[in-house]
Structures are given as C-alpha cells and as structure tokens.
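Down below is the structure, laid out as structure tokens.
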Amino acid sequence: SDPEQEYFSDGLTETLLHMLAQLPELRVAARTSSFAFKGKEAGIAEIAQTLGVAHVLEGSVQKAGDRVRVTAQLIRAGDGFHVWSQNYTRPLEDIFAIQDEIAEDVANALDASLLGGTAKPMHAVETANLTAYDLYLKAMEQQAIFSYSSLEVAETFFKQALAADPDFIDAKLGLARNYILMQDTGLMTWEAARDAAKPLLQQIGAAQPENREAYAFGLVMQIWEPGFMLDPERREQVYTNIRNLLPLMPTETYFRIVVANFLANFHERYDEALQVVEAGLMVDPLSPVLHSLKGRVYMAMEDYERAEPAFLKALKLDPENPNYYGRMSALAARQGDLPGKLDWM
C-alpha cells in the first residue's frame, strides 16, 4: 500500500512472471496484461477469463526495515479452489531465495496435474547484492513507464546497480534494452545506442552464451547497420533467427513487434505478420501495442473494417497515447473521410 515501495512489489511480481515463463509447459500472461489489473477490483474469474488462463497467482508484499513478508496463493479459476498458499517472512537479504522458492512451489503445485514431471529449478535475477537489486527494480519500474524522461531515469538506476555489482547480468541486459528503446524513441542516435549497448551484450554473451534476450537484441542491432536492408539474404536470415526465438521468449513482446513489422512492411506477408501478432495476444491480450500493430497490418491490407476495432481497442487500453489517435486519423484519411481525419488529429 506504500506508493514508495510499489517498485519493490512490482519487481517481485515481474521476476516471478519471467521465472514461470521459463517453463515451456506453462503459458504465462505477459507483464502488460498481468499488470492491467493492478489496483482494480476484479475477481479471479474475470481476470482468468480476460487473460485466458486457468490459474491465477496473487499475493502481497510487506517490507519493514530489514524484514520482508511475502504472501502468495495459487487459485484455480474454474472453482476458486486454493491449490497452494504460503507465507514467507524472512530477512530482506533472503528475497532472492524467496523468489526461487515461490516459483518452484507454484510449479510443483501445478506439476501433479499439468506439467507431467518434476519442475526444473528456476532462478531469479543473478545477483546477491541487495543494493544492486533494489536499484535494478527501480530501473525496471521506470523503463516500464516508457516515457522520454523515465528512460533517462532508468539509465541512471541501471548504471548505479552495475556500480554496486559489476557482474549483474540482468542489469546489463536492462541497460542494453534501455539504450535500444532510447534509440527507438529518438533519445539516442543509432550509432550512440550501438556503441553503448554492444559492449554490454558482448559481456552477457561471454558470461551466458545461452542468454536468448541478449542474442535477440544483438540481432536487432544488426538491423540498424547501414546497408542492411539492401542485403536481402542477410536481412531474411536475421529476421528468421529472431522469429525462431519468439516461442522461447513468449512474454517478450518487443521482438514480436520487430518481426511482424518486417513481414508486413518489407515483404507484404500479411497473413504471417498477423500470425505473429495473434500469438503474442495469446499471452499479452491487453497489450495496446499489439492491438495497434494488428490494426496497422489490416490497414496495409486495405481491410479497414477490421483495422478500426483493433485501433479502437489500443486506444481504449491506453487512452493517453497520441499514437493511437494518429492511427485512427490515418485510417479515416485512407477511407476518404477528411472531417474524421481532422477530428481524430
């Protein structure tokens, strides 16, 4: 309930989400959709139906001094049955162990009926430094806000986290992602973002060659290089590699957007682009970005009847985002509706 500690409970939630998403047998709702219910009076059945899930994990976090108490319960949406519940009251430095325990306890609770075998061990963020972890959570909160100013604040927090723990892989990945997002939004030139992000991705690759996100971001950075789009063979290979990673990173909507844009804009492979978007909406049904992208694909197909509800859904989910008003304005223009175009603009 303390707004100043909200980043901590949000960070714990997001960490657990990513840990459970590592299990290929589970379909876990992505951050945007899961967090859409935060602070709202929605029942378990409504949440489950909206997200398309059979179970809901809910809980609370209390932090006081050097102690933390986490409560968690796994609820079966069909009948409200509490499959599992637990309280964890520990010293704050045990938060890393608590996260591991919750994820494994949830997986084991589901295991008997769903997973068909003992759940594999999962691990949270790769640090034991509480100061670095706290700064990392603050950085992730600001990055999720995704505004010009918040991305700059996130950059500062990520750097402070790495100053506290120079080997903190998750903070390196978060900072590299931040530079790429800053490039996407125009806060950095692609040259500056490349020079800042590339060494971080190389360090992650050396320490964790299997790190999929780092590999995928490295592929994205190749797209920025001069002449890349003029090399059809290389272009196709890079995008194919990113697309092949999507099932292994189901909650990473960013890469799905990159692939769908490529299929629609460069190859006019609209059906494939829609398949990529729809697969994303299976795990992130409340993502305004995905609904807007769906509308853009339909608009490129000149299927304006299906483009409009997709844009309106994005606008309903994120009514303060000017991009979606622009999409509706462009759609009206395509249909020859000049007054509508001006109204939306």
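The values are calculated or read from the model by the stated rules, or taken from the named source; none is laboratory data. Just so it is clear, the model here is predicted, and its values are computed rather than measured. No Cβ is skipped: glycine too gets one built from the backbone with ideal geometry, and neighbour counts run over all protein chains shown. Heads up: the accessible areas ignore ligands, DNA and RNA and are worked out on the full protein's heavy atoms, side chains in. Shrake-Rupley method; radii C 1.70, N 1.55, O 1.52, S 1.80 Å.
I need to check one value: relative contact order of the chain, counting alpha carbon pairs closer than 8 Å and at least 6 residues apart, in percent.
Relative contact order of the chain: 12 percent.
Please give the helix 288-300 orientation as an angle from the longest Cα principal axis of the chain, in degrees from 0 to 90, rounded to the nearest 10.
It is inclined by approximately 20 degrees.
Per q in 0.24 1/Å, what log10 I(q)/I(0) does a Debye calculation on the alpha-carbon atoms of the stretch 217-279 return?
These q points yield log10 I(q)/I(0) values of -1.05.
Only four residue types carry charge here, +1 at the Cβ of Lys and Arg and -1 at the Cβ of Asp and Glu. Report the dipole size of the stretch 6-156 about the Cα centre in Debye, rounded to the nearest 20.
Dipole of the stretch 6-156, to the nearest 20 debye: 260 debye.
Given a 1.4 angstrom probe, what's the average accessible area per residue across the chain, in square angstrom?
50
Would you kindly work out the equivalent ellipsoid of the stretch 172-273 from its C-alpha gyration tensor and give its semi-axes, the square roots of five times the eigenvalues, largest first in whole Å?
The three semi-axes for the stretch 172-273 are 22, 16, 13 Å.
Cut-off 20 Å, label point 7 angstrom out along Cα-to-Cβ of Arg69: give me the residues of the stretch 20-58 whose amide nitrogen falls inside.
Flagged as within label range: 58.
Suppose we take every Cα in the stretch 231-345 and form the convex hull; what volume per residue is that in Å³?
Cα convex hull per residue, to the nearest whole number: 101 Å³.
Going by alpha carbons, how many degrees (0 to 90, nearest 10) lie between the helix axis of 148-164 and the longest principal axis of the chain?
That works out to roughly 40 degrees.
With axes computed from alpha carbons, what is the tilt in degrees of helix 304-317 against the longest principal axis of the chain, rounded to the nearest 10 within 0 to 90?
Roughly 40 degrees between the two axes.
For Leu312 and Tyr270, what does the FRET efficiency come to when R0 = 25 Å and r is the distance between their Cβ atoms, rounded to the nearest 0.05?
After rounding, the FRET efficiency stands at 0.80.
Which whole-number percentage describes the relative contact order of the stretch 208-317, with Cα contacts under 8 Å and a sequence gap of 6 or more?
For the stretch 208-317, the relative contact order is 17 percent.
Under a point-charge model restricted to the Cβ atoms of Lys and Arg (+1) and Asp and Glu (-1), what is the dipole moment magnitude of the stretch 296-342 relative to its Cα centre, in debye to the nearest 20?
That gives a dipole near 60 debye.
Can you tell me how the stretch 73-208 classifies by the Cα gyration tensor, rounded, prolate or oblate, using a/c under 1.5 as the rounded cut?
Because a/c hits 1.5 or more and a/b exceeds b/c, the stretch 73-208 counts as prolate.
Report the longest stretch of the chain that contains none of the GluC sites (Glu not before Pro) sitting in a DSSP loop with at most 15 other Cβ atoms within 10 Å.
42-209
Roughly how much of Ser9 is accessible, in Å² to the nearest 10, using a 1.4 Å probe?
30
What value, in deg cm²/dmol to 500, does the helix sum -39500 (n - 2.57) over DSSP H runs of n ≥ 4 give at 222 nm once divided by the residues of the chain?
-20000 deg cm²/dmol
Taking the stretch 38-119, which trypsin sites (Lys or Arg not before Pro) meet the DSSP loop condition and have no more than 16 other C-beta atoms within 10 Å?
Sparse-neighbourhood loop trypsin sites (Lys or Arg not before Pro): Lys38, Lys40.
Going down the table (Lys316/Lys341; Lys172/Lys294; Lys38/Lys159), which pairs top 20 Å between alpha carbons?
Lys172/Lys294; Lys38/Lys159
For the stretch 145-279, what is the relative contact order in percent, using Cα pairs closer than 8 Å and at least 6 residues apart in sequence?
14
How much accessible surface area, in Å² rounded to 10, belongs to the heavy atoms of Asp318 with a 1.4 Å probe?
Surface accessible to solvent at Asp318 totals approximately 50 Å².
The stretch 144-185: Rg/Rh from Cα coordinates, Kirkwood Rh?
The Rg/Rh ratio comes out at 0.98.
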